[in-house]
Amino acid sequence: MSTAKGLDLTLKVWRQKNQNDKGRMETYQVSDISPDSSFLEMMDILNEQLIEEGKEPVAFDHDCREGICGSCSMFINGRAHGPGKRVTTCQLHMRQFEDGDTIHIEPWRATAFPVIKDLVVDRSSFDRVMAAGGFISVNTSGNTQDANAIPVEKEDADNSFAAATCIGCGACVASCKNASAMLFVSAKVSQFALLPQGQVEAQDRVLNMVHQMDLEGFGNCTNTGACEAECPKGISLENIARMNREYLSAGITSEK
Ligand code: SF4
Ligand code: FES
């Protein structure tokens, strides 16, 4: 068992009562934080401390704490999900920080992700983009064809699976200077576009999802690549190129 002293840290945390509040950074001290604890466990310790002091705890989103659900959205020291590579905030460990560090913690900032409270943002814009076309329609009447009866090229299956690992966390939007959602939307378009099962609705899907993305107020892509660099799942920019091709060909052949 380690007897080494933990980390003493200064936290500058964004506090905002609701969407209408202007919000401000507030400063807190936490001490003796184990380097083995996760970032969210450190936030839990801060909140216990605040509750003991009779203060309002910091609201932040989390669910699985395993890098799966995509809900733990925090901008830490100017980076989406903090200093780790290909990790979500819940997978970030305090050993990434030094004793005496000051850590700035803010919510995702984008017009399409309004702050609900403190570090919690409303990402229902992503849900509406998915509802616009992020699905396939299949016959479930009892005579459904076995999925394995349709051959799929190994490379297509691998690329589709890689795109499907997007957890919808929104780090790509938060990292992009234009608050573009192209990496997210292109991952969701690609996971279907690469498979035969996704072909039936392919044209409508890409047109409808891009239309909804624009309606939600996300910015344009200017090929900076910050989204790919900060994505915890390593979603490739190639998906954006694929979506652009899909969109162009759907626009040419569709009556829309
Ligand atoms: S593309 Fe990456 S950063 Fe964007 S929502 Fe998906 S997992 Fe998160
Ligand atoms: S809490 Fe689910 S990905 Fe972080």
Need the failing condition index for residue 145 against (1) more than 17 Å from the chain's Cα centre (by Cα); (2) modelled with pLDDT of 95 or more, just the number.
(2)
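Filter segment 234-256 down to the residues that are within 16 Å of ligand 2 (Cβ to nearest atom) and crowded, with 20+ Cβ neighbours inside 10 Å and list them by number.
Let us first name the residues in segment 234-256 that are within 16 Å of ligand 2 (Cβ to nearest atom), namely 234-235.
The answer is 235, and nothing else.
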Considering only segment 107-117, state which residues are closer than 18 Å to residue 232 by Cα and surrounded by fewer than 20 Cβ atoms within 10 Å (Cβ to Cβ).
109
Among 54, 142, the single one that is over 30 Å from residue 186 (Cβ atoms) and assigned by TED's automatic domain parsing to the domain that holds residue 170 is 142
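Would you point out which residue out of 48, 66, 56, 52 is among the acidic types (Asp, Glu) and closer than 30 Å to residue 165 by Cα? Step through it out loud before you land on a result.
Working: 48 fails: closer than 30 Å to residue 165 by Cα; 56 fails: closer than 30 Å to residue 165 by Cα; 52 fails: closer than 30 Å to residue 165 by Cα.
It is 66.
Which one of these is modelled with pLDDT under 95 and assigned by TED's automatic domain parsing to the domain that holds residue 12: 38, 73, 34?
Testing whether each residue is modelled with pLDDT under 95 and assigned by TED's automatic domain parsing to the domain that holds residue 12 leaves just 73.
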If I ask for residues that are closer than 24 Å to residue 109 by Cβ and in a loop (DSSP other than H, G, I, E, B), which ones from segment 5-38 would you list?
16, 17, 18, 19, 20, 21, 22, 23
Scan 157, 179 and give me the residue that is more than 17 Å from the chain's Cα centre (by Cα) and not basic (Lys, Arg).
157
Any residue that is within 16 Å of ligand 1 (Cβ to nearest atom) and at pLDDT below 95 - is there at least one of those in segment 50-63?
no
Any residue at all in segment 124-137 that is touching a residue at least 60 places away in the same chain (Cβ under 8 Å), surrounded by 13 or more Cβ atoms within 10 Å (Cβ to Cβ) and under 13 Å from the mean Cα position of the chain (by Cα)?
yes
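One residue is enough: does segment 181-190 have a residue meeting the conditions surrounded by 18 or more Cβ atoms within 10 Å (Cβ to Cβ) and more than 30 Å from residue 109 (Cα to Cα)?
Residues of segment 181-190 that are surrounded by 18 or more Cβ atoms within 10 Å (Cβ to Cβ), as a first pass: 181-190.
Pick out the ones that are also more than 30 Å from residue 109 (Cα to Cα) and you get none.
Scanning segment 181-190 turns up no residue that is surrounded by 18 or more Cβ atoms within 10 Å (Cβ to Cβ) and more than 30 Å from residue 109 (Cα to Cα).
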So, in segment 7-62, how many residues would count as being surrounded by fewer than 12 Cβ atoms within 10 Å (Cβ to Cβ), touching a residue at least 40 places away in the same chain (Cβ under 8 Å) and among the hydrophobic types (A, V, I, L, M, F, W, C)?
0
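Restricting to segment 76-103, what's the tally of residues that are assigned to a strand (DSSP E or B) and under 16 Å from residue 41 (Cα atoms)? Don't jump to the end; show me each part of the working.
Just the residues of segment 76-103 that are assigned to a strand (DSSP E or B), to begin with: 76, 79-80, 93, 102-103.
When the remaining residues are screened for being under 16 Å from residue 41 (Cα atoms), the result is 76, 93, 103.
Counting residues in segment 76-103 that are assigned to a strand (DSSP E or B) and under 16 Å from residue 41 (Cα atoms) gives 3.
A quick yes/no check of all residues on (1) under 27 Å from residue 77 (Cα atoms); (2) outside the structural domain of residue 111 (by TED's automatic domain parsing); (3) touching a residue at least 40 places away in the same chain (Cβ under 8 Å); (4) not aliphatic (A, V, I, L, M):
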position: 182; (1), (2), (3), (4): yes, yes, yes, no
position: 186; (1), (2), (3), (4): no, yes, yes, yes
position: 189; (1), (2), (3), (4): no, yes, yes, no
position: 192; (1), (2), (3), (4): no, yes, yes, yes
position: 197; (1), (2), (3), (4): no, yes, yes, yes
position: 211; (1), (2), (3), (4): no, yes, yes, yes
position: 214; (1), (2), (3), (4): no, yes, no, yes
position: 221; (1), (2), (3), (4): yes, yes, yes, yes
position: 228; (1), (2), (3), (4): yes, yes, yes, yes
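The values are calculated or read from the model by the stated rules, or taken from the named source; none is laboratory data. Source: prediction; values computed, not measured. Using ideal geometry, Cβ is built from the backbone for each residue, glycine included, and neighbour counts are taken over all protein chains shown.
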